[in-house]
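Presented below is the structure to which this report refers.
The values are calculated or read from the model by the stated rules, or taken from the named source; none is laboratory data. Nothing here was measured: the structure is a model prediction, and the numbers come from that model. Here the Cβ positions follow ideal geometry from the backbone for every residue, glycine too, while neighbour counts run over all protein chains shown.
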Amino acid sequence: MDIKELYQALYDGYQHCIEVDDESILKLAKSSEYIHVNGKKICLKKQYSIGTMDIKKEFGFLRQPEDDIYIDKKFLNGAMQDDFVIVDDTGYQSKVIHIISRAMTLLLCRCHKQKEMIYFEPLIDIQQLLHINYDVPLVEGHLVAILIDSIDGLNIHGHVDHIIGHEHDPDIETKKIVSSYQWPQAFIKDVYDSLKKIKKETFDQIDFEDALIITIDGADAKDLDDAIHLKKTNSGYEIGVHIADVSHYVKPNDKIDQQAFSKTTSVYLADRVIPMLPEYLSNDLCSLNPLEPKKTLSILMQLDVNYKVISHAFHSSVIMSKYRLTYGEVNLILQGNKNHKNRELQDMLFQLNEVSKGLSKIRYQRGEMNFHTEEMKFHIENHQIKSVSLRKQDDAEKLIESLMLLANETVAKHFNDHHIASLYRTHDVPDIGKLQKALHILTQLGVSIPHQLNQDAHFIQKIIEKTETHPQKDLIHMIILRAMQKAKYESQVSGHFGLGATYYTHFTSPIRRYPDLIIHRLIHMFILKDHDIEKLDLTDIAKQTSVQERMALSLERDVNQLKSCEFMVDKVNKTFSGVVIATLSRGMFIRLDSGIEGFVSLKTFKQHVIYHEHTVSYSDRRGLLYRLGDRVEVELISVDIIKRHIDFRIMNQVKRRSHHGAHRTKQKGKV
């Protein structure tokens, strides 16, 4: 661990503190003037705050979990957008005192042409002067990505990396976001040259021809990388999970593999997919399209009548999917609202659903977290957002998820049992401090919490179970989720807390995830032993894939917020219903029933409003106004597409409750 990584650990830790046993880390901590060490406990000194910067024209903010810290322009001391910094917050004016690391490696600019000269106008507020080299033809209105070569004082030196597009392009805002993450959109020429060497194969023999193999995916899915089958046996069930064998076509360290490793994941944006692999592979050669023979890696699992895996086997196979089903179609069948013309298929779907529910019960008994989550879905035609809705998970989605979880666990356990070095998907127990804070907030929503706080999965399960009928179930689950650690990839087994799994990996989606492709290679090399042994740096792969996954999720969220703004931009002055989902001293965040989120500033209130952090509520001098979890009617007052901000004001602001009345309401909602 170096000093930057130590500062990052402190930033991630509860109240900027961590505990360590490593003497070298303790020695490193003692070398910093900003850190206090007490035994094995390392903390940022109380007078300092740590975080990333949000820079405006005349000032900046240090982003904080609760309240951002205002910093005047003259105290920024050269800090730029998203820089990771330490701020001294003790004096009359907060000031940046140490830049831990520069965030800016790329700058987006608009080209302004004056006579024969091109000037570069940054799309964010910066104080530095630009010195930019370019060797591509540029016109007025071009938006370009500039790679930063160096930053010294008030000067930025860089060069134009690529043209993002023109400011009048219909999807330019999405392109800007993708470019700001430096996420590769186009495949390099060498990748296409490599693709030309891959020819479609003809297969003389199809494996598992007596099995009814099917795929179940979203209606708009084009990369079908998993197929399944089920057979009844004397002892229970045979479950076949057949996964597209991407490793058959993508060889270690070839150009396709190198670019796939640079991404490590496909990105599913609101209006497009940026695939990890070229479409010739993802949507054609490797996609398990119906009635097309495809190369697969299959795992056959024998389950007893209690849905426990009693044996399993791996097969390098060629399969032919008989049917391409959609989640919507299967849900209608399982709900009894539709019949399939193939009776055998229909019977298999009901059996699969029975197995899925049995597997889910097993996972729950061992500690799986059953959070209720919904994703936003944007319905887009010709770059226009027609509607926004929440995508719900039903039995068909849970069925596929259950079988994929089972396959992933079985593969991970096999690697561990046979001492084969591998990649694992891991998830640590929650940080006790963050969990304690989350549970305190839940008490303010009327949720009764046991006095004995612990990090045991069953403790959290009981809270989730008790709130199933709570009117703010979604908000409660979101608050608990925020207290959870982030899942990551590691080269060592450490368990998956959220799934209650001792062993877990990713095997089932090699078209869209690089770790799955690596797992396939390991199976071929060390289990099937039909591939040459290649040296793999699993620690490096785990680190790269974890970083890229988090970046992809952040990119997806930013595009969702952009699309939310685009959908709302023509709805100013209209009213909506929503829920208070987060509270700050400067205002509250509201989530509409469609999933769109916006901000209500306390400045929009007609009276002076006081924020009470302990009770996550707001009051004026005459009584309680609003609390976390309240349902409110809001009016849209502004939308900023460039900054991706949505601002509301609350309607009927004169409505007021006494603290005594609020207590009665809380007790009524108690579970």
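Return yes when residue 414 is farther than 30 Å from residue 522 by Cα and either basic (Lys, Arg) or in the same structural domain as residue 526 (by TED's automatic domain parsing) (or both) and no when it is not.
So residue 414 fails the test.
Look through region 592-613, keep the residues that are under 21 Å from residue 443 (Cβ atoms) and either free of Cβ contacts under 8 Å to residues at least 12 places away in the same chain or not in a loop (DSSP other than H, G, I, E, B) (or both), and return whichever of them is farthest from the chain's Cα centre (by Cα).
My answer is 610.
Just to be sure, is residue 554 in a strand (DSSP E or B) and either closer than 29 Å to residue 516 by Cβ or at pLDDT 95 or above (or both)?
Criteria not met by residue 554.
Counting just the residues of region 128-156 that are of a type outside the set (A, V, I, L, M) and buried (at least 16 other Cβ atoms within 10 Å of the Cβ), which one comes out farthest from residue 78 (Cα to Cα)?
142
Among the numbered criteria (1) within 20 Å of residue 277 (Cα to Cα); (2) part of a helix (DSSP H, G or I), which single criterion is violated by residue 199?
Failing condition for residue 199: (2).
I'd like the residue in region 168-196 that is part of a loop (DSSP other than H, G, I, E, B) and in contact with an Asp or Glu (Cβ under 9 Å, 6 or more places away or on another chain) and, out of all such residues, is surrounded by the most Cβ atoms within 10 Å (Cβ to Cβ).
Within region 168-196, the match that is surrounded by the most Cβ atoms within 10 Å (Cβ to Cβ) is 181.
Take the residues in region 55-113 that are of a type in the set (Ser, Thr, Tyr) and surrounded by fewer than 17 Cβ atoms within 10 Å (Cβ to Cβ), then tell me which one is farthest from residue 5 (Cα to Cα).
In this case the residue turns out to be 92.
For region 153-167, enumerate the residues that are among the small types (Gly, Ala, Ser) and part of a strand (DSSP E or B).
158, 165
Could you tell me whether any residue of region 42-54 is modelled with pLDDT of 90 or more, out of contact with any Gly (no Cβ under 7 Å at 6 or more places or on another chain) and of a type in the set (Lys, Arg)?
Scanning region 42-54 turns up at least one residue that is modelled with pLDDT of 90 or more, out of contact with any Gly (no Cβ under 7 Å at 6 or more places or on another chain) and of a type in the set (Lys, Arg).
Would you check if there is a residue in region 349-370 being small (Gly, Ala, Ser), closer than 30 Å to residue 559 by Cα, modelled with pLDDT of 95 or more and part of a helix (DSSP H, G or I)?
no
Which strands (runs of 3 or more DSSP E) does region 40-79 wholly contain that include 3 or more residues that are in contact (Cβ under 8 Å) with a residue 12 or more places away in the chain and either more than 17 Å from residue 584 (Cβ to Cβ) or more than 30 Å from the chain's Cα centre (by Cα) (or both)?
Of the strands (runs of 3 or more DSSP E) lying wholly inside region 40-79, those with at least 3 residues that are in contact (Cβ under 8 Å) with a residue 12 or more places away in the chain and either more than 17 Å from residue 584 (Cβ to Cβ) or more than 30 Å from the chain's Cα centre (by Cα) (or both) span 41-44, 48-55.
Which one is nearest to residue 514 (Cα to Cα), of the residues in region 276-322 that are assigned to a strand (DSSP E or B) and among the β-branched types (Val, Ile, Thr)? Step through it out loud before you land on a result.
So in region 276-322, the residues assigned to a strand (DSSP E or B) come out as 293-304, 309-320.
Now restrict to residues that are among the β-branched types (Val, Ile, Thr): 296, 299, 309-310, 318-319.
Values: 296: 16, 299: 19, 309: 27, 310: 29, 318: 22, 319: 22 Å.
Ranking the candidates gives 296 first.
Looking only at region 165-220, filter to residues that are of a type in the set (Asp, Glu) and within 24 Å of residue 545 (Cβ to Cβ); which one of those is modelled with the lowest pLDDT?
The selected residue is 190.
Here is a yes/no grid of residues against (1) without any contact (Cβ under 8 Å) to a residue 40 or more places away in the chain; (2) of a type in the set (Asp, Glu):
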| position | (1), (2) |
| --- | --- |
| 81 | no, no |
| 100 | no, no |
| 106 | no, no |
| 140 | yes, yes |
| 145 | yes, no |
| 154 | no, no |
| 173 | no, yes |
